[in-house]
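The values are calculated or read from the model by the stated rules, or taken from the named source; none is laboratory data. Note that this is a predicted model, so its numbers are computed, not measured. Cβ coordinates were reconstructed from backbone atoms using ideal geometry, including for glycine residues, and neighbour counts include every protein chain displayed. Keep in mind that these areas ignore ligands, DNA and RNA; they rest on the heavy atoms of the full protein, side chains included. Shrake-Rupley method; radii C 1.70, N 1.55, O 1.52, S 1.80 Å.
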Amino acid sequence: MFQTSIQDTVETQGIGLHTGVHGKLRLVPAPADTGIVFRRVDLDGFQIEAHGSNVARVSYATSLMKHGVLLSTTEHLLAAIYSCGIDNIYLDIDAIEVPILDGSAEPFMQMIDKAGIRKLRRKRRYLKVKKPVEVVEDGRRIGIYPADEFRVRCYVDFPHPMVGQQEVEMVVNAGSFRQVLSRARTFCFESDIEPLKSMGLIRGGSLDNAIVLTKAGVMNGSLRFADEFGRHKALDLIGDLALVGLPLLGRVEARKAGHALHTQLVSQLLADPTSWVITTEEQAGAGRGSRTLRAAPATAAD
Ligand SMILES: [Zn+2]
């Protein structure tokens, strides 16, 4: 298996979910061993590697920070790039936050499709998990376990008639991500809107980029999937796992987790080099194996 980048430069623009700031995002090809690197083109191209060592504060979105330079809401873009197996890319942005677009990863998948993927002449390196690493906190938990492929299992449970218990389990690759997760949108509860606004968050939030759950239903039309919420949480999880910095060979199980737990897992994993090994093994399994999806029945159907 060889490293990849994209073939052509592509761009989009839009507002950030939390800051409401308008930004232009450009995906630019990068040479082998670059990794996934954000460049703040409004700050002389200041580079922030998509890596656990640059995780800043994390609450309702994942933010990276390096030498005081912040970049917010990286997870949906990174989920698309990571799932598509793009090892090397520059993500040029002229603002503090990645555009939220429609709240899912589908617009980023369309950008990647337009750009095309290019194989480079350097062997891909994987981070292969050797022993379990777990983070447990107040009934929420996340763990990563040895496996020959990149697999996630994500369980959510929200006390809401449209959500309840939902679970997604799958081997992650470009095809499964596109089909199962990429279109699932961000969501929030109507009752959280004012508190979030008073915290200075969701200034760019609207019915065009987030599903808003009222007490009994959904404010903005039909869902894309009955279990869109569970799917979106799995999308978020993969976007945060991209911060490992290399393709993963391991199985991740998340139970009522969120960005804080996801990024804690990444930090704990990276901090313990006895729990993994870096390998270029061809039989490593990426792209191989079957996809499975299990989803608990939900009340809404689409
Ligand atoms: Zn999200």
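Of the residues Arg121, Arg125, only one is away from the ligand (no atom under 16 Å from the Cβ), closer than 30 Å to Pro31 by Cβ and surrounded by fewer than 17 Cβ atoms within 10 Å (Cβ to Cβ); which?
After ruling out the rest, the residue left standing is Arg121.
If I ask for residues that are among the aliphatic types (A, V, I, L, M) and either more than 15 Å from the ligand (Cβ to nearest atom) or surrounded by fewer than 23 Cβ atoms within 10 Å (Cβ to Cβ) (or both), which ones from segment 88-100 would you list? Break it down into steps so the answer makes sense when it comes.
Taking segment 88-100 first, the residues among the aliphatic types (A, V, I, L, M) are 89, 91, 93, 95-96, 98, 100.
Matches in segment 88-100: Ile89, Leu91, Ile93, Ala95, Ile96.
Regarding segment 198-206, can at least one residue be identified that is closer than 19 Å to Val58 by Cβ and of a type in the set (D, E, K, R)? Talk me through it step by step, then tell me what you get.
To start, the set of residues in segment 198-206 that are closer than 19 Å to Val58 by Cβ comprises 199-205.
Filter again for of a type in the set (D, E, K, R), leaving 203.
Yes, segment 198-206 contains a residue that is closer than 19 Å to Val58 by Cβ and of a type in the set (D, E, K, R).
Count, please, the residues in segment 41-79 that happen to be farther than 19 Å from Ile202 by Cβ and more than 12 Å from the ligand (Cβ to nearest atom).
Of the residues in segment 41-79, the ones farther than 19 Å from Ile202 by Cβ are 41-55, 64-69, 78-79.
Adding the requirement that they be more than 12 Å from the ligand (Cβ to nearest atom) leaves 41-55, 64-69.
The number of residues fulfilling the criteria is 21.
(1) basic (Lys, Arg); (2) open to solvent by 30 Å² or more (accessible area, probe 1.4 Å); (3) in contact with a strand residue (DSSP E or B) (Cβ under 7 Å, 6 or more places away or on another chain): which one isn't true of Arg178, the others all being true?
Here Arg178 clears every test but (3).
Every residue in segment 129-152 that is within 21 Å of Leu270 (Cβ to Cβ), of a type outside the set (A, V, I, L, M, F, W, C) and open to solvent by 20 Å² or more (accessible area, probe 1.4 Å), please.
Within segment 129-152, the first condition is being within 21 Å of Leu270 (Cβ to Cβ), and the residues that meet it are 129-137, 140-152.
Imposing the further condition that a residue be of a type outside the set (A, V, I, L, M, F, W, C) reduces the set to 130-132, 134, 137, 140-141, 143, 145-146, 148-149, 151.
Residues satisfying the conditions are Lys130, Lys131, Pro132, Glu134, Glu137, Arg140, Arg141, Tyr145, Pro146, Asp148, Glu149, Arg151.
Every residue, every condition in (1) open to solvent by 30 Å² or more (accessible area, probe 1.4 Å); (2) within 15 Å of the ligand (Cβ to nearest atom); (3) among the charged types (D, E, K, R); (4) touching a Pro at 6+ places or on another chain (Cβ under 6 Å), yes or no:
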{"residue": "Val168", "(1), (2), (3), (4)": "no, yes, no, no"}
{"residue": "Ser182", "(1), (2), (3), (4)": "no, yes, no, no"}
{"residue": "Glu190", "(1), (2), (3), (4)": "yes, no, yes, no"}
{"residue": "Gly200", "(1), (2), (3), (4)": "no, no, no, no"}
{"residue": "Val218", "(1), (2), (3), (4)": "yes, no, no, no"}
{"residue": "Ala234", "(1), (2), (3), (4)": "no, yes, no, no"}
{"residue": "Gly239", "(1), (2), (3), (4)": "no, yes, no, no"}
{"residue": "Arg255", "(1), (2), (3), (4)": "yes, no, yes, no"}
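Out of segment 28-53, which residues are part of a helix (DSSP H, G or I) and among the aliphatic types (A, V, I, L, M)?
Of segment 28-53, the ones part of a helix (DSSP H, G or I) are 41-43, 52-53.
Passing the criteria: Val41, Leu43.
Any chance you could count how many residues in segment 16-52 are of a type in the set (Ser, Thr, Tyr) and under 24 Å from Leu120 (Cβ atoms)?
Start the filter on segment 16-52 by keeping residues that are of a type in the set (Ser, Thr, Tyr), which leaves 19, 34.
Narrowing further to those that are under 24 Å from Leu120 (Cβ atoms): 34.
Going through segment 16-52 one residue at a time, the tally reaches 1.
Being polar (S, T, N, Q) and closer than 21 Å to Leu246 by Cα is the filter here, so list the residues in segment 77-113 that pass it. Step through it out loud before you land on a result.
Keep residues of segment 77-113 that are polar (S, T, N, Q), which gives 83, 88, 104, 110.
Once the filter is applied, which keeps residues that are polar (S, T, N, Q) and closer than 21 Å to Leu246 by Cα, segment 77-113 yields Ser83, Asn88.
Considering each residue of segment 46-62, count those that are of a type in the set (Gly, Ala, Ser), modelled with pLDDT of 95 or more and open to solvent by less than 20 Å² (accessible area, probe 1.4 Å), and give that number.
Our first condition is that a residue be of a type in the set (Gly, Ala, Ser); within segment 46-62, this holds for 50, 52-53, 56, 59, 61.
Then drop every residue that is not modelled with pLDDT of 95 or more, which leaves 50, 52-53.
Restricting the remaining residues to those that are open to solvent by less than 20 Å² (accessible area, probe 1.4 Å) gives 50, 52.
Number of matching residues: 2.
State which residue is most open to solvent (accessible area, probe 1.4 Å) when the search covers only segment 64-87 and only residues that are within 22 Å of Leu43 (Cα to Cα) and assigned to a loop (DSSP other than H, G, I, E, B). Show your work before the answer.
Just the residues of segment 64-87 that are within 22 Å of Leu43 (Cα to Cα), to begin with: 64-75, 77-78.
With the extra rule that they be assigned to a loop (DSSP other than H, G, I, E, B), the set shrinks to 67-68, 73-74.
Numbers: His67: 158, Gly68: 61, Thr73: 8, Thr74: 1 Å².
Top of the filtered list is His67.
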